[in-house]
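Visitor: I have a structure I would like to understand better, so I am pasting it below and will then ask my questions one at a time.
Read-outs throughout are calculated quantities, based only on the coordinates presented, and are distinct from any laboratory measurement. As the structure is a computational prediction, the values presented were derived from the model and not from experiment. Positions of Cβ are backbone-derived with ideal geometry, glycine not excepted, and every protein chain shown enters the neighbour counts.
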Amino acid sequence: MKTTTGQKIKIGVFVIAGLAVLVLAIFFIGNKRNLFTATFNVNGMFKNVNGLQVGNNVRFAGINVGVVEDILIMTDSSVKVVLTLNNDVKKFIKKDAKISIGSDGLMGDKLVIITPGGGTSNVPVKGGEQLTAVNPLDVDKIISKFTKIADNAGDLVEGLAAIVNKVNSGKGSIGRLLNNDKMARNMENTVKQAQTTMANVHKTTGTLNEDLKAAQSNFLLKGFFKKKKKLEKARQDSIKKAQEPPPAAPPKQ
């Protein structure tokens, strides 16, 4: 069976379209993997890569400047992340720059973020050098801590609810006080009696002060109070004299 001209044209169009798709795919993948631009590598050591994968983007100053080239487990507590970066950003990344793992949006893919250092170094990074890595937060540990806090809060709420129920039912001293009108009235009467007693004490004290002043002005007792004042003055003078330093001895001839 011979192939017609129309079939040959269809096959040619299909082949050309397939080749075009293949070229575009190669160009897209190569551009994403920086296969057609000059690149250099840097790395960092993390304790936990937090779901980072090979091929994820590397971002500097909000711009994608490279990809994650490789992720290697070095020890049980360290993971080496190798980054491939565009050569044109090399002069902007200094030796004291730091790398961290973030997310592209709230629910986006993981990516590596390069942040400038503290300005202590003005020397650009070289290919193959290691940058300081900032380890990501351990979400599992945070969730575990919040779970414990929530459990403790639940126990606390249950305990407070039990105390409130006892108070409302009249159990315990506070419950009886709040729910027993007779006890409340007795306590109110006790407080009133205490206030009356204190008022009487203040009144009696004032009367005694007045009586004492009157006694001091009485000519029959005036001598007694004068004698008491003289004795007190003599006592104070003897104390002052005892506290005075002894006189210096005269010099020997």
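Visitor: Work out from phi, with θ = phi - 60° and the Karplus expression 6.51 cos²θ - 1.76 cosθ + 1.60, the ³J(HN,Hα) of each residue of the range 67-77, listed in order in whole Hz, and give x for Gly and Pro.
Guide: So the J values, rounded to whole Hz, are 9, 7, 7, 7, 10, 10, 7, 8, 9, 6, 10.
Visitor: Would you please give the residues with an amide H less than 5 Å from that of LEU111, counting only those at least 5 places away or on a separate chain, with H modeled from the backbone geometry?
Guide: Residues meeting the criterion, in which the H sits 1.01 Å from N, are GLY102, SER103, ASP104.
Visitor: If you don't mind, another one. So if I place +1 on the C-beta of Lys and Arg and -1 on the C-beta of Asp and Glu, and nothing else carries charge, what would the dipole magnitude of the range 45-120 be about its Cα centre? I want it in debye, nearest 20. Could you put the intermediate results ahead of the total?
Guide: Working: 9 positive and 7 negative charges, 63 e Å.
Its charge dipole is roughly 300 debye.
Visitor: Follow-up question, since we're still on this one. Is there a pair in LYS203/LYS240; LYS192/LYS228; LYS203/LYS226; LYS95/LYS145; LYS47/LYS90 whose C-alpha atoms are over 31 Å apart, and which pairs would that be? If you can, show how the numbers build up before the last one.
Guide: Working: LYS203/LYS240 39 Å; LYS192/LYS228 42 Å; LYS203/LYS226 28 Å; LYS95/LYS145 36 Å; LYS47/LYS90 26 Å.
From LYS203/LYS240; LYS192/LYS228; LYS203/LYS226; LYS95/LYS145; LYS47/LYS90, over 31 Å: LYS203/LYS240; LYS192/LYS228; LYS95/LYS145.
Visitor: Karplus couplings for the range 187-194 from phi (6.51 cos²θ - 1.76 cosθ + 1.60, θ = phi - 60°), rounded to Hz, Gly and Pro as x?
Guide: With the stated coefficients, the range 187-194 comes to 5, 5, 5, 4, 5, 5, 4, 4 Hz.
Visitor: Another question, if that's okay. Considering amide H positions built from the backbone, and no H for Pro or chain starts, which residues 5 or more places from VAL125, or on another chain, come under 5 Å of its amide H?
Guide: Sorted by chain and number, the residues that satisfy this are ILE93, LYS94, LYS95.
Visitor: Taking amide H atoms as placed 1.01 Å from N in the peptide plane, list the residues 5 or more away in sequence, or in a different chain, whose amide H sits under 5 Å from that of THR132.
Guide: ILE99
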